[in-house]
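Undergrad: Please read through the structure below; I'll follow up with questions.
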Amino acid sequence: LHVDRQVIGCSDHDGEQAYNLDGEELWFADFIKKEGVEPQPPFIDHITYQDEAYQQAEVNQQTCKTNLDVARRAMKDFKIED
């Protein structure tokens, strides 16, 4: 069996999106260079992602930041219990 993961995360100033298979990174979004990166070694059968994967990652970042803002507004009046 294989374990695959998709990671999407964001903060006010940074973001992350990556696809992993069995602990190896297959693809990640480089938001500085504005492109998807496939850091797979040359000795494996290469897995390629669609050209639209990076554009989808940008959309996912906008959604993540919107959800982060909503959660902050919803939680601002909650008191922390000791």
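The values are calculated or read from the model by the stated rules, or taken from the named source; none is laboratory data. Quantities reported herein were computed from a predicted structural model and do not represent experimental measurements. Ideal geometry is used to build each Cβ from the backbone, glycine not excepted, and the neighbour counts take in all protein chains shown. What goes into the accessible areas is simple: the full protein's heavy atoms, side chains included, and nothing from ligands, DNA or RNA. Shrake-Rupley method; radii C 1.70, N 1.55, O 1.52, S 1.80 Å.
Undergrad: Can you give the FRET efficiency for ASP77 and PHE31, using 1/(1 + (r/R0)^6), R0 = 41 Å, r = Cβ-Cβ distance, to the nearest 0.05?
TA: The computed FRET efficiency comes out at 0.80.
Undergrad: Just reorder ASP12, ASP45, ASP4 by solvent-accessible area, largest first, 1.4 Å probe, all chains present. Could the numbers behind the result be given before it?
TA: Values: ASP12 90, ASP45 140, ASP4 115 Å².
Result, largest first: ASP45, ASP4, ASP12.
Undergrad: Oh, and also: Where Lys and Arg each count +1 and Asp and Glu each count -1, what net charge lies around GLN55 among other residues with Cβ under 15 Å from its Cβ?
TA: Working: positive: LYS33, LYS34; negative: ASP30, GLU35, ASP51, GLU52, GLU58.
Overall, the nearby charge balance is -3.
Undergrad: Next up: Which whole-number value in Å² is the accessible area per residue of region 4-76, probe 1.4 Å? Show your work: numbers first, answer last.
TA: On the way: 5420 Å² over 73 residues.
Value returned for region 4-76: 74 Å² of accessible area per residue.
Undergrad: Another question, if that's okay. Please report, as a whole percent, how much of the solvent-accessible surface of the chain comes from carbon and sulfur atoms (probe radius 1.4 Å).
TA: Of the solvent-accessible surface of the chain, carbon and sulfur hold 52 percent.
Undergrad: Tell me the relative contact order for the chain as a rounded percent, counting alpha carbon contacts under 8 Å between residues six or more apart. Provide the component values of the computation, followed by the final result.
TA: Numbers: 86 pairs, mean separation 18.7, N = 82.
That works out to 23 percent.
Undergrad: Pairing the Cα long axis of helix 53-75 with the longest principal axis of the chain, what angle in degrees results, from 0 to 90 and rounded to the nearest 10?
TA: 20 degrees
Undergrad: Computed over the Cα atoms, what is the radius of gyration of region 4-76 divided by 2.2 N^0.38 Å, N being its residue count?
TA: Cα-based Rg divided by the globular estimate yields 1.26.
Undergrad: Here's something else I'd like to know. Would you mind getting me the FRET efficiency between ASP51 and LEU1? Use the beta-carbon distance for r and R0 = 25 Å, nearest 0.05. Intermediate values should be presented prior to the final figure.
TA: Values: r = 30 Å, r/R0 = 1.20.
Given R0 = 25 Å and the Cβ-Cβ separation, E is 0.25.
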